[in-house]
Every structure is written in C-alpha cells, then in structure tokens.
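Just so it is clear, none of the values below were taken in a lab; they were calculated from the coordinates. It should be emphasised that the depicted structure is a prediction, and the values quoted were computed from it without experimental measurement. We place every Cβ from the backbone using ideal geometry, glycine too, and count neighbours over all the protein chains shown.
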Amino acid sequence: MSTAAGRRVAVVTGGAGAIGGAIVAELAAAGHTVLILDQAGDPPVDLAREDQVRTAAAEVLRQHGRCDVLVHAAACFDRAGLATVDLAGWRRVQAVNVEAALLLTQAFIPGMAARGFGRVIFVTSNTVWAPPTGDMLAYVTSKGALVAMARTLAGAFGADGVAVTCVAPGLTDTPATRGAEPAAHFDDVRSRQALPRTLVPGDVAATVAFLASDGAAALTGQTVCVDGGLVLR
C-alpha cells in the first residue's frame, strides 16, 4: 500500500496490545498512516529478534518511503528478582524493550533528520522512579535505559528537527494487568494518586498523540508521567 500524500507515517510497536492499540487508534484519528510491529501483528514481528526487526523496518521504508513517527510501546514483562533472574530471561526483556528501540531508531531517524521532522516516543513506566517490587528488576532496568536513550538521542538530533520523548504510564487498566493484579492493588494505587482515578489506555494514547503532533514542537528529551500524579517529578 502506498502512502497517501500529506499523511505522516507512524510505526507503533506493540500495536496489537491494549495500550498500543489505543495509540494506533488515536494516531489514525489524527490523520496518520499507522503501521503495527507486533508479535500478534500481520505479519507477526518478534521484537526480540534482530533479523525480524531489521526486516520489518526495511519493509516499512520499502512500502512507504519513510517513518515520521516512531512509538515504541511494546514491552516484555518477565518477573524475577535478583536471586532468580537468569540471563536468558534478562536478555529477552532487554531485547524487546531496549534493543528493538535501538534498531528502529537506527533505521528511521536518519530519514527523519534528512526531512527535518521526526517524532520518537518511547513508552516507559513510572516504576523507573518508584519500583514497586524487586521481581521487576529486568523490566524497570529496561525502562530506565529507554529514558537515558531518549535524552541522548534528543540532544543528538534536535538540530535536525527530531524530537525524542518518553511517556511513563502508571498502573493502567488493561486485560493483562487485570489478570495479573488483584482488584485491591488497583484500589491501593488509585488512593495514592493525586488524581484518584483508574488509568485507562486512552490516557496514554492521548499523551502520545500530543507528543507526535506539531503542538509538541518545543518538547524533547522529556518524560511525561501519565499516572494520575502518583510520581511527582
């Protein structure tokens, strides 16, 4: 499918998930041509595999000629603490959460810089500033790495018109989190938020869409916590 004239091309990893799907819908509603990279996508892409990520990125450029907005929302969430984490599990989390972001920015940022416009948005987590449990070691570490990557890339490519930001959700009501967390945990988190409301995927998606827009032209290198004010930075 060729890219329609005047429509920006957005690539969303994890776009088949609850938060990723909300981001896809929000960007499409804003007029983007949206492409999904996901293990449940069509075709499926295993973001832990370098060859599949590189092939998918090359296919985006072959079919559409560019990527204007990259949203890395995919995440691997294996739980293990220091005593039980193994390198295979650790490396898979880092591969999906961090290395896929590296490979995709390598593929897409040069074109963004050449055209003088680009948005790169990493979906991280407010657990970077408030890790709730020790068994989230690999996950929190990976999300912290994305924040550092965003800051570095923001400084390196800002003069080329490329803005790099992060969105850090708090506990969000999705099928995955509802299956993993008891209702009491949602109640506890909500009670500690400055805005005592349960977060939904649309909260994250709306922030991502703003950061992808021309209205966010003065923002780069920043992390926006979408967590109802649980973490105040």
Return the sequence-ordered ³J(HN,Hα) values of region 152-165 in whole Hz as given by the Karplus equation 6.51 cos²θ - 1.76 cosθ + 1.60 applied to θ = phi - 60°, using x for Gly and Pro. 5, 5, 4, x, 6, 10, x, 5, 9, x, 9, 9, 10, 9
Could you grab the relative contact order for region 97-171? Cα pairs under 8 Å, six or more apart, rounded to a whole percent. 46
Give, rounded to the nearest 20 debye, the magnitude of the charge dipole that region 83-233 has about its Cα centre when Lys and Arg contribute +1 at Cβ and Asp and Glu contribute -1 at Cβ. 220
Using only the alpha carbons of region 147-233, determine the length spanned along each of the three principal axes and report them from longest to shortest in whole angstroms. 47, 22, 21
Angle in degrees between helix 50-64 and the longest Cα principal axis of the chain, rounded to the nearest 10: 40
With label points built 7 Å along Cα→Cβ from the Cα atoms of residue 232 and residue 77, find their separation and express it in nm. 2.7
In Å and from the alpha-carbon atoms only, list the Rg and Dmax of region 63-108. 14.0, 47
Using alpha carbons only, what's the Rg to Rh ratio of region 32-152 with Rh from Kirkwood? 1.00
Quick check: convex hull of the Cα atoms in the chain, volume per residue, rounded to a whole Å³? 119
Work through the residues other than residue 54 whose Cβ is under 14 Å from its Cβ and net out their charges, Lys, Arg +1 and Asp, Glu -1. -3
Have a look at 112, 148, 18 and report the one farthest towards the positive end of the charge dipole of the chain, computed about the Cα centre with Cβ charges (Lys/Arg +1, Asp/Glu -1). 112
Considering only 82, 35, 211, give the residue with the highest GNM mean-square fluctuation for the chain, with springs between Cα atoms whenever their separation is below 10 Å. 82
What net charge do the residues around residue 129 carry, taking every other residue with its C-beta under 14 Å from that of residue 129, with Lys and Arg at +1 and Asp and Glu at -1? +2
